[in-house]
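Worksheet: the structure to be examined is printed underneath.
The values are calculated or read from the model by the stated rules, or taken from the named source; none is laboratory data. Because the structure is a prediction, the values reported are computed rather than measured. Cβ sites come from the backbone with ideal geometry, for glycine too, and all protein chains shown count toward neighbours. The accessibility values were calculated without ligands, DNA or RNA, using every heavy atom of the protein model including side chains. Shrake-Rupley method; radii C 1.70, N 1.55, O 1.52, S 1.80 Å.
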Amino acid sequence: MTQNNLSPKLYPTFREGSIILAVALFIAVVFNLIRPAGINMFGFSSAALIKEQQAKIPEISLWEAYSLYLKNKVIFIDARDPLSFAYGHITGAINIYPDDAAFYSAKLRIKADQGFIFITYCDGPQCPLSKETAHVLLLRGIPNVKILVNGWILWLKAGYPIAKGKK
Amino acid sequence: MKLRNFPRPFIPLFALICRLTLAIIFFYAGVEKILHPQEFAVAIYNYQLLPDCVINLLAIFLPWLEVLIAASLVIGINTRGVSLLSALLFLIFATALTINLVRGLDISCGCFGASSGNISWFYLARDLSLFCMSVFVLIYDRGWRYFFA
């Protein structure tokens with residue numbers, strides 16, 4: 001008797017839940033397929049993740065970075081906050097804070113295919129932002145990412161070209 | 001459009017408040033994860049509960065489920081089914097949290113995307129409160145029509 005009373009309420013409840021599950025799955029899969037920053041649906045590899053986390057991101061010296069800059073083979077990535085970036089940055093650099101790095105992966109991958117090297121920098125020898133941005137980019141499969149430790153100060157002291165403004 | 005039955009009786013009004021609160025929480029959590037699926041996948045992996053092959057799929061699917069639950073809760077369609085799903089989700093989250101708190105793992109909660117804090121008993125209490133709110137909505141929610149004629 002109890003089951004007879006409950007089933008007319010329970011059945012529509014389960015049906016409603018199943019509809020939402022199915023719609024969510026459909027939208028999620030389609031959205032992931034069409035978005036540039038989509039991920040491989042079954043491609044998670046814990047082994048690769050551990051390897052990437054243990055991998056040390058190579059550092060580059062100021063002189064090497066400047067030579068590449070002169071040859072126009074490098075894209076500088078300023079990992080600092082937008083205000084510091086607007087106050088001054090390496091000429092031609094783009095501002096990618098670690099939290100936003102994933103959004104740029106599709107654009108940067110195209111540049112990587114064209115042979116560009118990416119150099120992240122921030123301000124101060126202990127600044128973690130350049131490492132964090134570089135790490136996210138590596139996780140996203142961007143090759144040739146290097147870090148210019150204490151990059152902003154070194155670049156500024158050397159008197160190399162800088163720019164101001166948001167772009 | 002007229003307001004009726006407002007603010008009494010208390011229980012349907014409280015269910016409405018719970019429903020909208022849950023919707024805001026789900027929406028915020030879902031959008032944060034949709035923006036950063038890779039980071040959310042890593043957060044799921046850190047719980048050490050699922051095999052690799054389902055982690056990315058869950059990282060893609062779960063945020064959209066949360067956003068759809070939020071939308072349904074706000075609009076008031078399929079409320080029973082959605083609040084049941086919501087209760088089940090919070091129960092699953094609470095179980096996963098408990099297992100890792102007992103294990104002593106110091107990992108990111110991943111509750112609101114990559115920038116969430118590390119897991120703690122507070123998060124478990126929060127999940128259980130939200131579970132109770134979902135059950136309350138499941139049982140007592142009367143929809144928008146109850147308040148608007």
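Which whole DSSP H helices in chain A pass both tests: a Cα extent of 24 Å or more along the axis and a mean Kyte-Doolittle value no lower than 0.5? Don't jump to the answer; show the numbers that get you there.
Numbers: long enough: A:2-34 (48 Å, 0.90).
Taking the DSSP H segments of chain A (at least 24 Å long, mean hydropathy at least 0.5), we get A:2-34.
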Requested in this report: Just the ratio, please: alpha-carbon radius of gyration of segment A:35-167 over 2.2 N^0.38 Å, N its number of residues.
Outcome: 1.04
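Work out the FRET efficiency for A:Asp100 and B:Leu88 from their Cβ-Cβ distance, taking R0 = 30 Å, and round it to the nearest 0.05.
Numbers: r = 33 Å, r/R0 = 1.11.
Once the sixth-power term is evaluated, E becomes 0.35.
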Query raised in the report: Label-point separation (nm) for A:Ser45 and A:Tyr11, each offset 7 Å from Cα along Cα-to-Cβ?
Result: 4.9 nm
Report task. Give the ranking of B:Ile11, B:Ile119, B:Ile75 by solvent-accessible surface, highest area first, calculated with a 1.4 Å probe. Result -> B:Ile75, B:Ile11, B:Ile119
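Per residue of chain A, what 222 nm ellipticity follows from adding -39500 (n - 2.57) for every DSSP H run with n ≥ 4, rounded to the nearest 500? Numbers along the way, then the final one.
Working: 7 runs with 89 residues, N = 167.
It lands at -17000 deg cm²/dmol.
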Report summary line: GNM of chain B, Cα pairs under 10 angstrom: of B:Ser83, B:Ser120, B:Ser134, the biggest fluctuation goes to B:Ser120
**Report entry** Highest-fluctuation residue, A:Gly151, A:Gly115, A:Gly43 considered, GNM on chain A with Cα pairs under 10 Å
**Finding:** A:Gly43
Query - Cα-based helix-to-principal-axis angle, B:10-35 vs chain B, degrees rounded to 10 - result: 40 degrees
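Express in nm, to one decimal, how much length is gained between B:Leu20 and B:Ile139 on full extension, taking 0.36 nm for each residue of separation and deducting their alpha carbon distance. Provide the component values of the computation, followed by the final result.
Numbers: separation 119, 0.36 × 119 = 42.84 nm, distance 1.52 nm.
Here the answer is 41.3 nm.
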**Report entry** Value of [θ]222 nm, deg cm²/dmol, for chain B, DSSP H segments ≥ 4, -39500 (n - 2.57) each, nearest 500
**Finding:** -24500 deg cm²/dmol
**Report entry** Label-point separation in nm, B:Asp52 to A:Tyr87, each point 7 Å along Cα→Cβ
**Finding:** 4.4 nm
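Given that compact globular proteins tend to follow 2.2 N^0.38 Å, what is the ratio of the alpha-carbon Rg of chain B to that value?
On the way: Rg = 16.6 Å, N = 149, 2.2 N^0.38 = 14.7 Å.
Scaled against compact globular proteins, the figure is 1.13.
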Query raised in the report: Most fluctuating residue of B:Phe122, B:Phe93, B:Phe136 in a GNM of chain B with Cα springs under 10 Å: which is it?
Result: B:Phe122
Report task. Would you give the gap between the C-alpha center of segment A:94-147 and the C-alpha center of segment B:15-45, rounded to a whole Å? Result -> 27 Å
Query - Computed accessible area, A:Ile20, all protein chains, 1.4 angstrom probe, square angstrom - result: 10 Å²
Query raised in the report: Based on the Cβ-Cβ distance from A:Lys164 to B:Phe148, what FRET efficiency comes out when R0 is 35 Å, to the nearest 0.05?
Result: 0.05
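With +1 on each Lys and Arg Cβ and -1 on each Asp and Glu Cβ, how big is the dipole of the protein assembly as shown about its Cα centre, in debye rounded to the nearest 20? Could the numbers behind the result be given before it?
Numbers: 28 positive and 18 negative charges, 168 e Å.
For the protein assembly as shown, the charge dipole is close to 800 debye.
For segment B:65-138, report the % of Cα-Cα distances exceeding 21 Å.
Values: 819 of 2701 pairs.
Result: 30 percent of Cα pairs exceed 21 Å.
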Report summary line: Cross-link reach from A:Lys164 to lysines, straight Cα distance under 28 Å and at least 8 residues apart if same chain, gives A:Lys71, A:Lys73, A:Lys107, A:Lys111, A:Lys131, A:Lys146
**Report entry** Those Cys residues of chain B for which no other cysteine Cβ falls under 4.7 Å
**Finding:** B:Cys18, B:Cys53, B:Cys132
